[in-house]
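This report concerns only the one structure given below.
The values are calculated or read from the model by the stated rules, or taken from the named source; none is laboratory data. Since the structure is predicted, the reported quantities are computational estimates derived from the model, not experimental observations. Every residue, glycine among them, receives a Cβ derived from its backbone with ideal geometry; neighbour counts consider all protein chains shown. Only protein heavy atoms, including side chains, enter the accessible area calculation; ligands, DNA and RNA are left aside. Shrake-Rupley method; radii C 1.70, N 1.55, O 1.52, S 1.80 Å.
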Amino acid sequence: MSPSTSPSSPWHMAQRAARLNPSVIREILKLTELPGVLSLAGGLPAADTFPVEAMREATARVLTEQPQAALQYAASEGYGPLREWVAERLREQGMTHVKAEQVLMTTGSQQGLDLIAKVMVDAGAPVAVETPTYLGALQAFTPFEPIFAGVASDGQGALPEAIARLPHDAPGTRFMYVLPNFQNPTGRVMPEARRQAVVKAAQTAGIPLVEDNPYGDLWFDEAPPAPLAARWAEGVAYLGSFSKVLAPGLRLGYVVAPPALAPKLLQAKQAADLHTPGFNQRIVYEVVKDGFLERHIPTIRAQYKAQRDVMAEALREAMPAGTEWTQPEGGMFFWLRLPAGCRAMDLLPKAVAAGVAFVPGEPFYAHQPDPRTLRLSFVTLRADEIRQAVAALGRVVHQALEEALQAGTP
């Protein structure tokens, strides 16, 4: 059926509307609202890490000291002092080239993905992504009708030799989307040598990179290497977010764009929503301007690391032989591959019936999904709840294996 609605409706949808699909994760989250279901599904930060008191005090200062300006329309680029703060912090992390005028504040980093796709992608143009990749990026890019080029990846990220083949395998690739730090969904981190090789391969192939870094501050034992953008200033667009280190309800992110890209991103931003709420930006600046994150983020890391350790132990105890995972060094996720004979999508309703929810891995693949994969979040449940949820999942997987064995399914 065409994007048109029913014959009785006067609304005729654009062709691109047919490519808009609901988020699998958002649909699964509805299941978690059922009584008695423990959710390992959502990529939500732990609500008890939100700095409520700091936000309350900052809001009071903004409304006392600059109420009219905070509640008025604002510059599309974003609040100047916050943009300068972002640029200074990124320079400290190795992106020494960054200037405040390159920083575009966005309504969450998800909007940054949408703006980049709007500016860069034509129908039929290739866009390269890791295997697997962030589902929300696939959703943001898909309405613009790209051809996704899945780049072979391993436990350290995209393979440089696969990037080098893109001019042959996917001529005209507009950009490659990468998450080097504690990737969603796999939790993997790209080491220094791989980063150097990925940037070199992209430079040689003439393919710019879109580097998404929502989890980079959430390392447990060792900070990740410098961003890809520190190695190729003119060829990498960098996305960041305040969602995981402050609160996602603020919907505040940013894009650091090379000069060749920045003007068009700004124009796309103006057309989309004029500007990200200036009130939110001023509050966040009040919170972060005096070093608050340097005191706050270590508390998040400590909490998440403890929860990571609980889930690792629970997985070792509960999951059957043949289940594969790597313990993440930061971020929020475990990525599992179930034993042969298990399909995560088929197990989801059985798991929900047993009181636990997860995200099947198939939607995270642009091509050739691995049906045995699934993602577990370890940050939103207490330690006892994590143990209970993983134990329930383990029982479901054991039962599925027994049923497959009895049915003679390989």
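Sort out which residues of the stretch 100-120 are small (Gly, Ala, Ser), in a helix (DSSP H, G or I) and buried (at least 19 other Cβ atoms within 10 Å of the Cβ), and write them in order of number. Break it down stepwise before answering.
Taking the stretch 100-120 and keeping what is small (Gly, Ala, Ser), we get 100, 108-109, 112, 117.
Applying the additional criterion that residues be in a helix (DSSP H, G or I) yields 100, 109, 112, 117.
Once the filter is applied, which keeps residues that are small (Gly, Ala, Ser), in a helix (DSSP H, G or I) and buried (at least 19 other Cβ atoms within 10 Å of the Cβ), the stretch 100-120 yields 109, 112, 117.
Do any residues in the stretch 130-142 that are under 7 Å from residue 364 (Cα atoms) have Cβ atoms under 8 Å from those of residues that are of a type in the set (Asp, Glu) and open to solvent by 20 Å² or more (accessible area, probe 1.4 Å), where the two are at least six apart or on different chains, and which pairs are they?
Sorted first by the residue in the stretch 130-142, then by its partner, the pairs are 132/370.
Filter the stretch 177-201 down to the residues that are closer than 17 Å to residue 136 by Cβ and either among the β-branched types (Val, Ile, Thr) or more than 15 Å from the chain's Cα centre (by Cα) (or both) and list them by number.
178, 186
Could you list all residues from the stretch 121-140 that are buried (at least 24 other Cβ atoms within 10 Å of the Cβ) and among the charged types (D, E, K, R)? Reasoning before the result, please.
Going through the stretch 121-140, the residues buried (at least 24 other Cβ atoms within 10 Å of the Cβ) turn out to be 127-130, 132-133, 137.
Result: 130, single match.
What about residue 299, is it closer than 24 Å to residue 134 by Cα and of a type in the set (Val, Ile, Thr)? Let's see the steps before the verdict.
On the way: closer than 24 Å to residue 134 by Cα: no; of a type in the set (Val, Ile, Thr): yes.
So residue 299 fails the test.
Name the residue that is least open to solvent (accessible area, probe 1.4 Å), counting only residues in the stretch 317-346 that are among the small types (Gly, Ala, Ser) and part of a loop (DSSP other than H, G, I, E, B). Before you say what the answer is, go through the steps one by one.
Let us first name the residues in the stretch 317-346 that are among the small types (Gly, Ala, Ser), namely 318, 321-322, 330-331, 340-341, 344.
Subset that is part of a loop (DSSP other than H, G, I, E, B): 321-322, 331, 340-341.
On the way: 321: 95, 322: 44, 331: 0, 340: 64, 341: 39 Å².
Step by step, filter the stretch 317-346, then rank; the result is 331.
If you scan the stretch 274-284, which residues turn out to be open to solvent by 50 Å² or more (accessible area, probe 1.4 Å) and not hydrophobic (A, V, I, L, M, F, W, C)?
Step one: list which residues in the stretch 274-284 are open to solvent by 50 Å² or more (accessible area, probe 1.4 Å), which gives 274, 277, 279.
Of everything in the stretch 274-284, just one residue is open to solvent by 50 Å² or more (accessible area, probe 1.4 Å) and not hydrophobic (A, V, I, L, M, F, W, C), namely 277.
Check every one of the helices (runs of 4 or more DSSP H) wholly within the stretch 121-214 and list those with 3 or more residues that are at pLDDT 95 or above, small (Gly, Ala, Ser) and within 23 Å of residue 260 (Cα to Cα).
Values: elements: 135-141, 160-164, 166-169, 192-205.
Result: 192-205.
Working only within the stretch 36-52, note down all residues that are farther than 15 Å from residue 308 by Cα and open to solvent by 60 Å² or more (accessible area, probe 1.4 Å).
36, 47, 48, 50, 52
Across the stretch 151-163, what is the number of residues that are open to solvent by 10 Å² or more (accessible area, probe 1.4 Å), in contact with a helix residue (DSSP H, G or I) (Cβ under 7 Å, 6 or more places away or on another chain) and under 12 Å from residue 130 (Cβ atoms)?
2
Has the stretch 182-199 got at least one residue that is more than 28 Å from residue 244 (Cα to Cα) and surrounded by 15 or more Cβ atoms within 10 Å (Cβ to Cβ)?
So the first thing to find is which residues in the stretch 182-199 are more than 28 Å from residue 244 (Cα to Cα), and the list is 197.
Pick out the ones that are also surrounded by 15 or more Cβ atoms within 10 Å (Cβ to Cβ) and you get 197.
Scanning the stretch 182-199 turns up at least one residue that is more than 28 Å from residue 244 (Cα to Cα) and surrounded by 15 or more Cβ atoms within 10 Å (Cβ to Cβ).
Report yes if some residue within the stretch 164-176 is open to solvent by less than 40 Å² (accessible area, probe 1.4 Å), in contact (Cβ under 8 Å) with a residue 24 or more places away in the chain and in contact with a Lys or Arg (Cβ under 7 Å, 6 or more places away or on another chain); otherwise report no. Steps first, answer last, please.
Applying the first criterion (open to solvent by less than 40 Å² (accessible area, probe 1.4 Å)) to the stretch 164-176 yields 166, 170, 173, 175-176.
With the extra rule that they be in contact (Cβ under 8 Å) with a residue 24 or more places away in the chain, the set shrinks to 166, 170, 173, 175-176.
With the extra rule that they be in contact with a Lys or Arg (Cβ under 7 Å, 6 or more places away or on another chain), the set shrinks to none.
No, the conditions are met nowhere in the stretch 164-176.
Check off (1) modelled with pLDDT of 80 or more; (2) open to solvent by 50 Å² or more (accessible area, probe 1.4 Å); (3) part of a loop (DSSP other than H, G, I, E, B) for residue 64 and give me the number that stays unchecked.
(3)
Given the conditions (1) modelled with pLDDT of 95 or more; (2) outside any loop (DSSP other than H, G, I, E, B); (3) exposed (fewer than 15 other Cβ atoms within 10 Å of the Cβ), and given that residue 83 satisfies all but one, which numbered condition is not satisfied?
With respect to (1) modelled with pLDDT of 95 or more; (2) outside any loop (DSSP other than H, G, I, E, B); (3) exposed (fewer than 15 other Cβ atoms within 10 Å of the Cβ), residue 83 is out only on (3).
Answer with yes or no whether residue 76 is among the small types (Gly, Ala, Ser), on the phi < 0 side of the Ramachandran plot and buried (at least 20 other Cβ atoms within 10 Å of the Cβ). Before you say what the answer is, go through the steps one by one.
Details: among the small types (Gly, Ala, Ser): yes; on the phi < 0 side of the Ramachandran plot: yes; buried (at least 20 other Cβ atoms within 10 Å of the Cβ): no.
Judged against the criteria, residue 76 is not a match.
Need pairs with beta-carbon distance below 7 Å; first residue under 22 Å from residue 134 (Cβ atoms) and within the stretch 83-110, second modelled with pLDDT of 95 or more and surrounded by fewer than 16 Cβ atoms within 10 Å (Cβ to Cβ); sequence gap 6+ or separate chains.
Pairs that qualify, where the first residue is under 22 Å from residue 134 (Cβ atoms) and the partner is modelled with pLDDT of 95 or more and surrounded by fewer than 16 Cβ atoms within 10 Å (Cβ to Cβ), are 93/226; 107/273.
Does the stretch 368-390 hold any residues that are outside any loop (DSSP other than H, G, I, E, B), out of contact with any strand residue (DSSP E or B) (no Cβ under 7 Å at 6 or more places or on another chain), buried (at least 17 other Cβ atoms within 10 Å of the Cβ) and hydrophobic (A, V, I, L, M, F, W, C), and which are they?
Residues satisfying the conditions are 386, 390.
Mind checking which pairs have a first residue in the stretch 59-78 that is closer than 20 Å to residue 105 by Cβ and a second that is open to solvent by less than 100 Å² (accessible area, probe 1.4 Å) and of a type in the set (D, E, K, R), Cβ under 7 Å, 6 or more apart or different chains?
Final answer for the pair search is 61/286; 62/282; 62/286; 66/282; 70/282; 76/269; 77/83.
If the Cβ limit is 9 Å and pairs must be 6+ apart or interchain, which residue in the stretch 320-343 that is farther than 21 Å from residue 379 by Cβ and among the aliphatic types (A, V, I, L, M) pairs with which residue that is modelled with pLDDT of 95 or more and assigned to a strand (DSSP E or B)?
Cβ pairs passing all conditions: 338/324; 338/373; 338/374.
Consider only pairs whose beta carbons are under 9 Å apart and that are at least six residues apart or on different chains; among these, list those whose first residue lies in the stretch 289-316 and is assigned to a loop (DSSP other than H, G, I, E, B) and modelled with pLDDT under 95 and whose second residue is of a type in the set (Phe, Trp, Tyr) and open to solvent by 20 Å² or more (accessible area, probe 1.4 Å).
Every condition considered, no pair remains.
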